[in-house]
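Encoded as structure tokens, the structure appears first; notes follow it.
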Amino acid sequence: LLQETFGDQFKLPPLRSTLGPNRKSVQKHPLSMLAIGDINFDYIYDKLPEDFFTDLLPPGKKVKGEIYRDVGGTAVNFAKGARQAGFEQCYVAGVRGNDALSQEIVNQMLKKGITPLLQPDPILTSSIAIILRNVAKEDTSITLTDARQSLPDIVVDQAKETIRLSDVFYCSGYCLIDRNRRKNALKMLKDAHESKSTVVLDIVVGMDLKAYENTLHDDARK
């Protein structure tokens, strides 16, 4: 909203927390956050003709152009935004594959000042997001997942202390509609609540939680 109102004329000042790492001290310390959600390597092409999708017929079209590559996914994108807004300590928890692309994801996160709390899993391969946009800004994205991303117990245990010291805890709504992540995502949300962190629950446009409401409530009671 600030960007829409002020454009490039407004710049956030350096942000610092007055909460203290133990939530009781008034001594200032650098803002910190932890995010859980999708972790992908993105391939983005945003220069398709305006009517590209409506005119697309079999057998398809071949398009040549410059492809933008970057680490992405809901958790990583939130951490990148927090880093740009002034958060000095940004963490992302999750699971990564055991392939060369996974190592590139870690390298890119470190270059952006994001600390990965990612456990390599030898049976997983990294997730790839292919994001296509036309010049009218109508976008369609395809996420290729060779094995479902998860939040195993080891990740929850490793992140517990980081959550306790973080000012903000971000949870992607995708974690709550994914059976591989929902149970431990709720555990981490509980840890964040008990630590009095500011919790950000990201429910994106078009996400339907109604089909999962009863299960979510059951998990929450447990």
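The values are calculated or read from the model by the stated rules, or taken from the named source; none is laboratory data. The shown structure was predicted, so the numbers you read here are calculated from the model rather than taken from an experiment. Backbone-built Cβ (ideal geometry, glycine too); neighbour counts: all protein chains shown. In case anyone asks, the SASA skips ligands and DNA or RNA and just uses the protein heavy atoms, side chains included. Shrake-Rupley method; radii C 1.70, N 1.55, O 1.52, S 1.80 Å.
Data for the structure
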item: Some residue of the range 60-74 being under 21 Å from the mean Cα position of the chain (by Cα) and not in a strand (DSSP E or B); result: yes
item: Scan of the range 60-70 for residues that are open to solvent by 80 Å² or more (accessible area, probe 1.4 Å) and closer than 30 Å to VAL106 by Cβ, ordered by number; result: GLU66, TYR68, ARG69
item: Looking only at the range 169-190, and only at residues there that are more than 18 Å from GLY73 (Cα to Cα) and of a type in the set (A, V, I, L, M), the one that is surrounded by the fewest Cβ atoms within 10 Å (Cβ to Cβ); result: LEU186
item: Listing of strands (runs of 3 or more DSSP E) fully contained in the range 110-184 that carry 3 or more residues being closer than 30 Å to LYS64 by Cβ; result: 127-134, 139-144
item: Enumeration of residues in the range 105-118 that are open to solvent by 50 Å² or more (accessible area, probe 1.4 Å) and not basic (Lys, Arg); result: ASN107, LEU110, THR115
item: Matching residues in the range 40-67 - criterion: being over 28 Å from GLN119 (Cβ atoms) and of a type in the set (Phe, Trp, Tyr); result: TYR45, PHE52, PHE53
item: Which numbered condition ARG83 misses (of (1) part of a helix (DSSP H, G or I); (2) within 15 Å of the chain's Cα centre (by Cα); (3) within 17 Å of THR125 (Cα to Cα)); result: (3)
item: Selection count, the range 48-59, where residues are assigned to a strand (DSSP E or B) and open to solvent by 90 Å² or more (accessible area, probe 1.4 Å); result: 0
item: Top-ranked residue of the range 191-222 - restricted to ones that are at pLDDT below 90 and of a type in the set (Ser, Thr, Tyr), ranked as surrounded by the fewest Cβ atoms within 10 Å (Cβ to Cβ); result: THR215
item: Members of the range 44-80 found to be in contact (Cβ under 8 Å) with a residue 60 or more places away in the chain and more than 30 Å from LEU124 (Cβ to Cβ), listed by number; result: LYS47, LEU48, PRO49, GLU50, ASP51, PHE52, PHE53
item: Qualifying residue in the range 57-67 (condition: of a type outside the set (Gly, Ala, Ser) and either at pLDDT 95 or above or in contact with a strand residue (DSSP E or B) (Cβ under 6 Å, 6 or more places away or on another chain) (or both)); result: yes
item: Any chance GLN89 is buried (at least 16 other Cβ atoms within 10 Å of the Cβ) and either over 23 Å from GLY173 (Cβ atoms) or among the hydrophobic types (A, V, I, L, M, F, W, C) (or both); result: yes
item: Search result, residues across the range 191-202 that are over 15 Å from VAL155 (Cβ atoms) and out of contact with any Ser or Thr (no Cβ under 7 Å at 6 or more places or on another chain); result: HIS193, GLU194, SER195, LYS196, THR198, VAL199, VAL200, LEU201
item: The range 142-168: number of residues that are polar (S, T, N, Q) and open to solvent by 40 Å² or more (accessible area, probe 1.4 Å); result: 3
